[in-house]
1. Among Ala312, Val299, Val224, whose Cα lies farthest out toward the positive end of the dipole of segment 186-314, if unit charges sit on the beta carbon of Lys, Arg (+1) and Asp, Glu (-1)?
2. Over all directions, how big on average is the projection of the convex hull of the alpha-carbon atoms in segment 205-323, in square nanometres?
3. Under the classification rounded if a/c is under 1.5, otherwise prolate if a/b is larger than b/c and oblate if not, where does segment 217-267 fall, given a ≥ b ≥ c as square roots of the Cα gyration tensor eigenvalues?
4. Quick one: putting +1 on the C-beta of Lys and Arg, -1 on the C-beta of Asp and Glu, what dipole do you get for segment 360-446 around its Cα centre, in Debye to the nearest 20?
5. How large a share of the accessible area of segment 263-322, in percent, is made up of carbon and sulfur atoms when the probe is 1.4 Å and the other protein chains stay in place?
6. Which entries in Lys39/Lys271; Lys39/Lys352; Lys11/Lys352 show an alpha-carbon gap greater than 27 Å?
7. Could you give me the ³J(HN,Hα) list for segment 294-299, computed from phi with Karplus coefficients 6.51, -1.76, 1.60 and θ = phi - 60°, whole Hz, x at Gly and Pro?
8. So, for segment 124-264, what is the accessible surface per residue at a probe of 1.4 Å, expressed in square angstrom?
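The values are calculated or read from the model by the stated rules, or taken from the named source; none is laboratory data. The shown structure was predicted, so the numbers you read here are calculated from the model rather than taken from an experiment. In this analysis, Cβ positions are derived from the backbone assuming ideal geometry, glycine residues included, and neighbour counts consider all displayed protein chains. Just so you know, the surface numbers come from the protein's heavy atoms only, side chains and all, with ligands and any DNA or RNA stripped out. Shrake-Rupley method; radii C 1.70, N 1.55, O 1.52, S 1.80 Å.
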Amino acid sequence: YAKQQGFGIVKAGGAYKQEKGKTLNERRNCTWKCESGGKPDARIRASSRVLNGVSGKGVKMANRKTKKVGCPVMLHAKVTKDGKWQIRNIHSALATERNGVENFPMSERQLRNVVDKERRFKMMEGDANAMAAYFHRMSTDNQNFFHLHRLDDDERLKDVMWVDARSRAAYVEFGDVVCFDSTYLTNRYLLPFANFVGVNHHGQSVLLGCALISHEDVETFEWVFTNWISCMGGKPPSGILTDQDAAMKKAIAKVMPNTRHIWCLWHILNKLPLKLGGYDKYDEIKQALLRAIYDSYTVEEFENSWNEAIDAYNLGENAWLKAEDEKQADADSARFCHQLVFDFPIERVFQKIYTSAKFLEVQQECLKNLYVSIVGCKVVDEKLLEYTIEDRVWVRDPNTRKDIPTHRKREYKVKYNSNSYEAWCVCKLMESSGIICRHIIAVFEKNDVEE
């Protein structure tokens, strides 16, 4: 069972049968526990590193990971008189939710879904009705206008997709290879706007369909892809380009098994400054990688040029350039965790839902929260509050390449819904990086939000 669910087990105790004062090699009972049960080793804390703040006192943050997170999964069984094992006690918890290491939610986009939990459309009733009326008018004018929506368990609008007649006609001629992009966010509702785009005979982009989606998970993408293909006459494209999103990958493999899935080069190259900008010879590295990409005519030529660039600039240990390490990172994040270092109850929630690497970023926001203060609160309506947050201005230290606070201050606005426990901050760190910001953390603390 543990193997099926994707977690390890250990023997945590038991007794052997005894006869005439001698212990026999025959068990009387045994207890098995999850490998993540128990408390962390004290040596983990002892090897912590110290992050210095403005006060100079510093905050300890563990740089070693541990499996021990107090998981209560346990099974105790004894041997009956007839020699059969009998389960006497069993306690299951998070193990049933893991569903295998390979299915453990890991990606940045999936993490936003977990943090938001039951994120629903933030549309007021009038907005949804107006959109429905618009779709109705379009369908009346042209029967080839396609639109579809679905509701959540509370009968509220959840996901919407539409394809106009021109897009359906264009797909017949220019639907061999399409690009699917969900990196846009609507300004008002913070919902991902997804679109299908092709290229026509003039080299121009042509829109082949649109959607507003509530979640960026496998199930939602399957719904979008399935209905979009159905709208296009049941013919999937020969190739589809997307960003490096695990949920999209699984959905495409299921809905379009014969379609070649390609990662979008633009999205990859757009990350070069972020992932490699810290290297002294960044400009040379960038040019070497671009030459390998654009000047190679065969797979072998590309791989040789790429590996030469990696070796020449000692990039072999760069985590971003190891795509092959993703599965191992998934497994490590599922089995290990970084320790809590602050007294924020919500930090324990972050520890459970973020990957190991992203949790460290969240802890940095927790550290910066020490310099945040709430200076005002305005009641927008019965359930919506608007907080004014005062924060230090943070700058990047050129030597350590870490953010340090200055004595200058800046104000931020955070809107908080006390009914749904949702919050939106003007800094938009969640939208840009997929992690919760220190300003929302301060509001959650104020309202004792723990889950």
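1. The Cα lying farthest towards the positive end belongs to Val224.
2. Values: hull surface 37.5 nm².
With every direction weighted equally, the projected area is 9.4 nm².
3. Numbers: a/c = 1.97, a/b = 1.31, b/c = 1.50.
Note, shape of segment 217-267 comes out oblate.
4. On the way: 15 positive and 13 negative charges, 72 e Å.
That gives segment 360-446 a dipole magnitude of about 340 debye.
5. Working: 2120 of 4180 Å².
Accessible surface attributable to carbon and sulfur in segment 263-322 totals 51 percent.
6. Values: Lys39/Lys271 38 Å; Lys39/Lys352 15 Å; Lys11/Lys352 24 Å.
In this structure, Lys39/Lys271 exceed 27 Å between Cα atoms.
7. Coupling constants for segment 294-299: 8, 9, 9, 10, 9, 4 Hz.
8. Values: 7440 Å² over 141 residues.
Dividing the accessible area of segment 124-264 by its residue count gives 53 Å².
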